[in-house]
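For reference, the structure I am asking about is given below.
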Amino acid sequence: MIHSVFLISNAGDLFLEKHWKSVISRSICDYFFEAREKAVEPDNVPPVIRTPHHYLINIYREKIFFVSVIQTEVPPLFVIEFLHRVAETFQDYFGECSETTIKDNVVIVYELLEEMLDNGFPLATESNILKELIRPPTILRSMVNTITGSSNVGETLPTGQLSTIPWRRAGVKYTNNEAYFDVVEEIDAILDKSGTTVFAEIQGVIDACVKLSGMPDLTLSFMNPRLLDDVSFHPCVRYKRWESERVISFIPPDGNFQLMSYHISAQNLVAIPVYVKQNISFFETGSSGRLDITVGPKQTMGKTLECLVVTVHMPKVVLSANLSATQGTYNYDPVTKILVWDIGKLNPQKLPNLKGSLSLQSGAPKPEENPSLNIDLKIQQLAISGLKVNRLDVYGEKYKPFKGVKYVSKAGKFQVRT
Amino acid sequence: MLNHCFLCRNEDLKEMLESNKESLKLEAMKRIVGLIAKGKNASELFPAVVKNVASKNIELKKLVYVYLVRYAEEQQDLALLSISTFQRALKDPNQLIRASALRVLSSIRVPIIVPIMMLAIKEAATDLSPYVRKTAAHAIQKLYSLDPDQKEHLIEVIEKLLKDKSTLVAGSVVMAFEEVCPDRIDLIHKNYRKLCNLLVDVEEWGQVVIIHMLTRYARTQFVSPWREDAVFDENSEKTFYDSEEERRVDQSKPYIMDPDHRLLLRNTKPLLQSRNTAVVMAVSQLYWHLSPKHELSVITKSLVRLLRSHREVQYIVLQNIATMSIQRKGMFEPFMKSFYVRSTDATHIKTLKLEILTNLANEANISTILRELQTYVKSQDKAFVAATIQAIGRCATNISEVTDTCLNGLVLLLSNRDETVVAESVVVIKKLLQTQPSQHSDIIKHMAKLFDNITVPMARASILWLMGEYCEHVPKIAPDVLRKMAKTFTSEEDIVKLQTVNLAAKLYLSNSKQTKLLTQYILNLGKYDQNYDIRDRTRFIRQLIVPNEKSGALSRYARRILMAPKPAPVLQSAFKDRDRFQLGTLSHTLNSQSNGYLELSDWPAVAPDQSVRIVEVVEPVKEAGAPLLGKSKPGKSAEKFYSDSEEEEEGSSSEDSSSSSSEESESESESEENSDDSNKSSSSESDSEKKKKTLKNKKLQQQKPDSKDRYWSHSVQSHLFFLNKFLVVFKFNLRCIALLLIIITKLFSIHIVLSFSNQFVASCRCSLLRLCVFLACQFDAVSWHVRVSLQASFPVFVPETSHELLHRMTGKGLSAQYRFTRQPCIYGNSMVSLQLTLSNSSDQALENIHISEKSSTGQNIHHFNAIGELHTWTCGSVLFSFSTKEDEFSVSIQPAVGELLVPITMTEADFTKEQGLSVWLTNDRLGTGNRFKNSHLLKYLKRLICHAFLLCYWSMPFLSENF
């Protein structure tokens, strides 16, 4: 399946290669560079590139291209999903997945890649198993290792690999048993010029941080499970129980994981927490324009909006912006043509406003379209869909764990057309 | 110099490797791995590295393995030095070490060691650890790519590993199967059901591979479920969730899905909820290629969900949705808004979304879509705008209602500032006009006016073509355009020049007076053009249109050749022909066949033998999933089955008539005595045995208290409450007709008579089988209860609910339900009537269903009307087994005690008498009767009898109301 993987930085520097079958010359990447050149933006690089003898399937993540070389037919999503899993594992191990961290930990990266694929077929991708095989680097451990000469590599086969619950490692022990769940909801919406909702839906995930000893069997139930339109689960969740009782029953992996993700579709009414009054216009003469944006709260369920950021992708002809904000700071990057207005906490008494003029490239025709606004925000202690966790029960273990649920709503792909 | 430096460093590394210190060696290896990762050549260190292959330090060893696998191919001779280490490690007690030794050994691409690898694989394939076996499955592929001659031996190993029951192995071995011998579909037969059942527990990557393989398999083994799908479109969602039997009832179609086909669909469905996008896509394509069309809608939501994932995932999923949406608009129409474009999407995502939106457009939603497209036209991404304009064009041709609106919109775009927009609009308008030119001469005129401002060659060429084609509609303007073109001819692009020549020729033919000179001029210019295409075209046109002595017959037809009506271009999706590839594959993504693509075969007209999938050994524990059904071949079975049943019916009816006489005769005493006699005789035969069984069954009953029991006792209790109230009222209003409920216990031999009801014959006619069988259970009469004088009355209330006897899963399609009819039994009142409803939810006819004695199958002499022997029946549980032609299912009935009561009508006087007589029942005297060994039962009975007597006070209507 996967023949080789090359990691290429955004600048075009090929900094890591790994082959699982016979070695393929890195000149194969020339085809990729060609496509990269043609695409201009890194986002526009086609995920599947055909070369005379091979196929290149690539993903772009954290400013790194993961380019895999394929020789024969394979479901492309299989490769894409795997590459993303690799990136996630790096993130899990090194805190971030960047060129520097990968270069710094090249040996662990190599060991990981070796374990994750055998002959191009995924072998162990569960983070719990990998962590038993190859221990993540910590400062303490690397110090101990240099002194004692012990290694980062586990000597026995992780028990999870053999059991029917490969995601959980055995012999977990904690002095404080705790299970925390974060319900994170993102609102995807498109609002049109007049502020009416063209399209809105909610995408939610429940992230869990479970640190429980032994083999706990958890059951999580909701007050209103009917809200959930479509769900997908971590492999640990028993699908049958969800089907019949609408409860989530699972033996959790140890540590952080995403328990489930769900979707509340446009059919249900989605509360839009914010409204935007905007007026962006470009003048026919004088190569200038005016911008006036006001943001206000709409359906916030009595909570405050935080981390409010408005991002505008300006047309290419906009050279600079001379604006004044009543709250927060703004920044216009003339290279990327992105205007970012960081508002912060929204004060409903005094609505933030950004006003001023834009100067355009002289002589260029006035831009056809007004740029759309992307909005970012955060509401603590609220799941915008109204989803509520009812209770969490622990079976199979005697102790009483600390339990907690946190709700956060965010703006996902929240766009206001102008 | 640099090279020298590099060598120096290598020297340094070599020294470190040869030192005695582990930490130094490890450090050196880490640096070497760093070199490998960067793609630097470190092959000359091979001898120094390979020495450490047997190191005790596991990390060092692993790094050496990494090195070895990378360079073994280049240094084959030296690599051989390490082989013995691996051979030793293959015998290590630690499974991780065994597995990794095999991994490395098989990864060393040195042809000489092929026999060693082969041996190691064979050994590992029988290893106790599933992890090692999994590694063996991977090694198979490696060996195959190294030496394809080993194929036959490897297939043997694959065959062995396919039988493996471990979920760990399943994915890897199927992968090996796909790589080594994808055509050996016969290897799958026996493992098909196992793979289906294991699928949910296999790790996610294995799931993808197995699902893809099973899709191909299913297409070769089952008949198409798509024959008559149209009927189901309406209530597709509903029917899917309904239980299978019910669907069978509704469906009176000749097509019956193979249970194995159904098994696959059923077992893959939960995987749509997987977090792994590849799994979801794999299941979606499986449903697309295999499921009946009306069940397809389940995949929609999941696919739409994937659109929230990473950009690359979106790209692939959107491509697949685009292909699907061409064939089945309805699937994605409710989710249309999910395909709305955001300005932040990547261009290829945008165009794919646009493609889907266009595919989804129909009369109902076109206005919404057009409004949406209008906003896209203003986008800054010009490639996307061009695609949008094309999309508008496609909507306009596909939906005739909006053609004019679209055309007007496009004409407005002609005054757009951006050139690409204008050019694209011109091209699309040209295509649209071709469909209905006559009404739109003003648009052509408008375009002629714009002509001067348009510089994009394609757009200019399009306008010229339009002028020429419809020069009759614009007789004044066309020559003027030609005049302008003559001026600029030399500086135009080739494509524009060609169209100019065309225009000139057409005008020459229609309006030679005005344009003769112009044409000649242009033809002369063309004659000396640098491009040979243009010179060629000019020469051809000149010969065609300008008559001279040399030109033959062709020029006479010049007008007809050039001005022939041309068919309008059909604007269709770029994904139109992609469905020739299996969805979700690389070939589908690239729209061209990639290496190793395995064609999805068409459905076979006649399904191949299904029996190949039957596994001989059926473990009793796994009965639920184990295949038992469907031994008979379809086709022939259907007819035969019906004819059989008719014959049987005759047989049974004769028996019915004989028994009906006894039913009609009021003298129950006779039958009762008979039964009494027979029971006594048989009871004496095996008294001790009986007791054993009784005990056993009692235990069974205690473990699983029947819901019916609970129902009874509960309801009796609740009525008791009422009774206290009503007792006063009814005390003086005693009816002559009172009910005496009598308990009959201790049944030991039960004759079951199966007879057909009309319903059976009727349902046989439709494809599904549902039959009712009435059972009469005979049991031993207890001396104290039935009086000759007593006459059984009809029950006041007969519950309609039936209870499950045999679930369809357990019964491989055969399901049985029982219900107590509470009717007096025709075979004497020491028996209880039982209505048995058998239904067949499988796709095949079940032959020869009869009740057999569990242990001895040889006794199944009768078919349906067979009198089966039942094992045991003690208070409440009857065990017997159903047999179909080849399978046998054991079932047991545990009736509530109440069901064994017989309602009896008697006079008040009789009642008091009986009550007096039965006082002993309420006393402990009952306990002395050695028939009741079990105190639990005794207590239960006593309570029940008490209630039974109390109930006697109730009037009948009251009873019927409350029961």
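Using the beta-carbon distance between B:Gln520 and B:Thr420 and R0 = 41 Å, what value does 1/(1 + (r/R0)^6) give for FRET efficiency, to the nearest 0.05?
Computed FRET efficiency for B:Gln520 and B:Thr420 comes out at 0.70.
Looking at segment B:501-534, which chymotrypsin sites (Phe, Trp or Tyr not before Pro) are DSSP coil and have at most 11 other C-beta atoms within 10 Å of their C-beta? Don't skip to the answer; put the middle values down first.
Numbers: sites: B:Tyr508, B:Tyr521, B:Tyr528, B:Tyr532; in loops: B:Tyr528.
In loop regions of segment B:501-534 (DSSP not H, G, I, E or B), the sparsely surrounded chymotrypsin sites (Phe, Trp or Tyr not before Pro) are B:Tyr528.
Go through B:Gln530, B:Ser592, B:Leu571 and say which Cα lies farthest out towards the positive end of the charge dipole of segment B:523-614; charges sit on Cβ, +1 for Lys and Arg, -1 for Asp and Glu.
The one lying farthest along the dipole's positive direction is B:Gln530.
Here is a follow-up. Using label points projected 7 Å from each Cα along Cα→Cβ, tell me how many nm separate B:Leu24 and B:Ala568, to one decimal.
Once both label points are built, they end up 8.5 nm from each other.
When the gyration tensor of segment A:318-418 is built from Cα positions, what are the square roots of 5 times its three eigenvalues, in whole Å, from largest to smallest?
Taking √(5λ) for each Cα gyration eigenvalue gives 44, 15, 12 Å.
While we're looking at this one, here's another question. Could you work out how far apart the two model spin labels at A:Arg241 and B:Arg560 are, taking each label as a point 7 Å from the Cα in the direction of the beta carbon, and quote it in nm?
8.2 nm
Also: Let me have the relative contact order for segment A:2-128, percent, based on Cα pairs under 8 Å that are six or more residues apart.
Working: 167 pairs, mean separation 32.4, N = 127.
It comes to 26 percent, rounded to a whole number.
Tell me, A:His54, B:His446 in order of fewest to most beta-carbon neighbours within 10 Å? Write out the running numbers ahead of the final one.
On the way: A:His54 19, B:His446 15.
Result, fewest neighbours first: B:His446, A:His54.
Taking the Cα centre of chain A as origin, sum charge times position over the Cβ atoms of Lys and Arg (+1) and Asp and Glu (-1), and report the length of that vector in debye to the nearest 20. List each step's numbers first, then the result.
Values: 43 positive and 46 negative charges, 256 e Å.
Using only the charged Cβ atoms, the result is roughly 1240 debye.
Report the gain in length on full extension from A:Arg135 to A:Lys316: 0.36 nm times residue separation, minus Cα-Cα distance, nm rounded to one decimal.
Details: separation 181, 0.36 × 181 = 65.16 nm, distance 4.81 nm.
Additional length available on full extension: 60.3 nm.
Through the Karplus equation 6.51 cos²θ - 1.76 cosθ + 1.60, θ set to phi - 60°, convert the phi angles of segment B:109-118 into ³J(HN,Hα) values in whole Hz; use x for Gly and Pro.
8, 10, x, 4, 8, 3, x, 5, 4, 4
Sort B:404-416, B:210-222 by the packing proxy (mean of other Cβ within 10 Å over each peptide's residues), most packed first. All intermediate terms of the calculation are to be shown ahead of the outcome.
On the way: B:404-416: 17.5, B:210-222: 21.5.
Highest-to-lowest ranking by the protection proxy: B:210-222, B:404-416.
Tabulate in residue order the Karplus-calculated ³J(HN,Hα) for segment B:556-567, using 6.51 cos²θ - 1.76 cosθ + 1.60 with θ = phi - 60°, rounded to whole Hz; enter x for Gly and Pro.
Residue by residue, segment B:556-567 yields 5, 9, 3, 4, 5, 6, 6, 9, 4, x, 10, x Hz.
Now for a separate question. Please report, in whole Å³, the volume per residue of the convex hull around the C-alpha atoms of segment A:274-380. The partial results should precede the final answer.
Details: hull volume 9.1 nm³, N = 107.
Cα-based convex hull of segment A:274-380, divided per residue, equals 85 Å³.
A:Tyr174 to A:Thr326: extension gain in nm, 0.36 nm per residue of separation minus the Cα-Cα distance? Write out the running numbers ahead of the final one.
Values: separation 152, 0.36 × 152 = 54.72 nm, distance 4.98 nm.
Gain in length upon complete extension: 49.7 nm.
Order these by the 10 Å Cβ neighbour count, fewest first: B:Arg266, A:Arg36, A:Arg238.
Result, fewest neighbours first: B:Arg266, A:Arg238, A:Arg36.
Given a Förster distance of 56 Å, report the FRET efficiency between B:Glu333 and B:Tyr528 from their Cβ-Cβ distance, rounded to the nearest 0.05. Could you put the intermediate results ahead of the total?
On the way: r = 58 Å, r/R0 = 1.03.
So the FRET efficiency works out to roughly 0.45.
Ordered by residue, what ³J(HN,Hα) values in Hz, to whole numbers, does segment B:357-370 give under the Karplus form 6.51 cos²θ - 1.76 cosθ + 1.60, where θ = phi - 60° and Gly and Pro are x?
Ordered by residue, 3J(HN,Hα) equals 4, 5, 4, 7, 4, 9, 4, 6, 9, 4, 5, 4, 5, 5 Hz.
Output the relative contact order of chain A, whole-number percent, from Cα pairs under 8 angstrom with separation of 6+ residues. Could you put the intermediate results ahead of the total?
Numbers: 873 pairs, mean separation 60.8, N = 418.
Dividing the mean separation by the residue count of chain A yields 15 percent.
Considering every residue in B:336-342, what mean count of other chain Cβ atoms within 10 Å of its Cβ is obtained?
Mean number of neighbouring Cβ atoms from other chains: 4.
Ranking B:Val208, A:Val389 by Cβ neighbours within 10 Å, fewest first, what do you get? Working shown, then result.
Numbers: B:Val208 32, A:Val389 19.
Starting with the residue having the fewest Cβ neighbours, the order is A:Val389, B:Val208.
For a test of the definition: using alpha carbon positions, the gyration tensor, and the 1.5 limit on a/c, classify segment B:259-563 as rounded, prolate or oblate. Please list the in-between numbers first.
Working: a/c = 2.83, a/b = 2.39, b/c = 1.19.
The shape class here is prolate.
Which distance in nm do the two modelled labels at B:Lys38 and A:Ser194 give, with both placed 7 Å along the Cα-to-Cβ direction?
Placing both labels 7 Å along Cα→Cβ, they lie 6.3 nm apart.
If I fit a long axis through the Cα atoms of helix A:106-116 and take the longest principal axis of the Cα atoms of chain A, what angle between them do I get, 0 to 90°, rounded to 10?
Here the helix axis deviates by roughly 70 degrees.
Can you compute the FRET efficiency between B:Tyr255 and B:Lys160 using 1/(1 + (r/R0)^6), with r the Cβ-Cβ distance and R0 = 35 Å? Round to the nearest 0.05. Kindly include the intermediate steps, with their values, before the conclusion.
Working: r = 37 Å, r/R0 = 1.06.
Efficiency computed from Cβ-Cβ geometry: 0.40.
None of the figures in this text is laboratory data; all of them are computed from the coordinates on show. Bear in mind the structure is a predicted one, so any value in this text is a computation, not a measurement. FYI the Cβ positions are ideal-geometry reconstructions off the backbone, even for glycines, and counts take in every protein chain you see.
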